Structures are given as C-alpha cells and as structure tokens.
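*Asks:* Could you have a look at this structure, given as structure tokens, before my questions?
The values are calculated or read from the model by the stated rules, or taken from the named source; none is laboratory data. As the structure is a prediction and not an experimental result, all values here were calculated from the model. Neighbour counts run over all protein chains shown; Cβ positions are idealised from the backbone, glycine included. Ligands, DNA and RNA are stripped out before the accessible areas are found, and what is left, the full protein with its side chains, is counted by its heavy atoms. Shrake-Rupley method; radii C 1.70, N 1.55, O 1.52, S 1.80 Å.
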Amino acid sequence: MTRPQARRPTRVQTAGEADPPWVLRLYVAGATPRSAAAFRNLTQVCEEYLKGQYRIDVIDLLAHPQLAQGDQILAVPTLVRKLPAPIRRIIGDLSNTERVLVGLDLRPGASPPARTARRPADV
C-alpha cells in the first residue's frame, strides 16, 4: 500500500474574497475516493448556497495529524464549520445534501424535513 505524499493544508477560497463570512475546514486522510467525494460534495453545496461567501481549508491528517486534536476530529472525512459561530461538525462524505444543509444551519427557520421511510442510501 502506498502512502499519499505529505501535503500542506490546502486552502480553497472563492475568487476576489478577502474575508469570507463562512470558513469551513474539511479534514481528510489522504487522497482517497471518499476524501475526493467529500470535497466535491462540499464544493457543490457551497457554490449553490454560499457562492462568493466561503472559504474551504482542506486538512490532510496523514500529513498533519497534530491538527486533529484542535478540532477534536475522531473520524474522517469531517467538516468543521469554523465561522459563523457556533462551531459545527459533520462526519462523512457529505453526499446527503439535506444533512449538510441542516448541519451547516443554512436554512434558518425552516421546518424539519418530513419524516419518510429511510432508504439504505440515507443511512
């Protein structure tokens, strides 16, 4: 098994944004398909709901394991919303857009989704 090359934390910032109100930190463990899916899903949500107002910092814990302690990361991929407060965490590949929106509190005042039968893909 080959270990991915050590990388520095990656910062993805929207064009022309000096100090975005949304700062998101995505913790991953190497360049795995699950890490790539989490980044892709997060980028899609941000482009749709936070266009021009966000910054994503990608932290590879294989290269920087000490950074996991600060945000109390126990699983990867994990998304941490640093700003706006309060800090929130979402674990997984972020493929469930509804969960991501709720986790990021992007729908303030919205009623919770209607209860429906859970599909295996939702678990």
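*Asks:* Just checking, which of L83, L74, L50 is under 19 Å from D105 (Cα atoms) and open to solvent by 50 Å² or more (accessible area, probe 1.4 Å)?
*Replies:* Of L83, L74, L50, the one residue that is under 19 Å from D105 (Cα atoms) and open to solvent by 50 Å² or more (accessible area, probe 1.4 Å) is L83.
*Asks:* Got a sec? Which of L26, L42 is open to solvent by less than 40 Å² (accessible area, probe 1.4 Å), part of a strand (DSSP E or B) and either out of contact with any Ser or Thr (no Cβ under 7 Å at 6 or more places or on another chain) or modelled with pLDDT under 95 (or both)? So that I can check it myself, show each step before the final result.
*Replies:* Details: L42 fails: part of a strand (DSSP E or B).
None of the others qualify; the one that does is L26.
*Asks:* Here is a list: A63, A68. Which entry is touching a residue at least 12 places away in the same chain (Cβ under 8 Å), part of a helix (DSSP H, G or I) and farther than 18 Å from L104 by Cβ?
*Replies:* Of the residues listed, the single one that is touching a residue at least 12 places away in the same chain (Cβ under 8 Å), part of a helix (DSSP H, G or I) and farther than 18 Å from L104 by Cβ is A68.
*Asks:* Looking at (1) modelled with pLDDT of 90 or more; (2) in a loop (DSSP other than H, G, I, E, B); (3) among the aliphatic types (A, V, I, L, M), which is the one condition that is false for A6?
*Replies:* Failing condition for A6: (1).
*Asks:* Of all residues being among the aliphatic types (A, V, I, L, M) and part of a loop (DSSP other than H, G, I, E, B) in the range 71-86, which is farthest from R34 (Cα to Cα)? Just the residue, please.
*Replies:* Ranking the qualifying residues of the range 71-86, first place goes to A85.
*Asks:* Continuing with the same structure: Restricting attention to the range 29-39, which residues are part of a loop (DSSP other than H, G, I, E, B) and within 19 Å of L74 (Cβ to Cβ)?
*Replies:* Passing the criteria: A29, G30, T32.
*Asks:* Follow-up question, since we're still on this one. Please determine whether any residue of the range 14-23 is at pLDDT below 95, open to solvent by 50 Å² or more (accessible area, probe 1.4 Å) and closer than 19 Å to D105 by Cβ.
*Replies:* For the range 14-23, residues at pLDDT below 95, open to solvent by 50 Å² or more (accessible area, probe 1.4 Å) and closer than 19 Å to D105 by Cβ: present.
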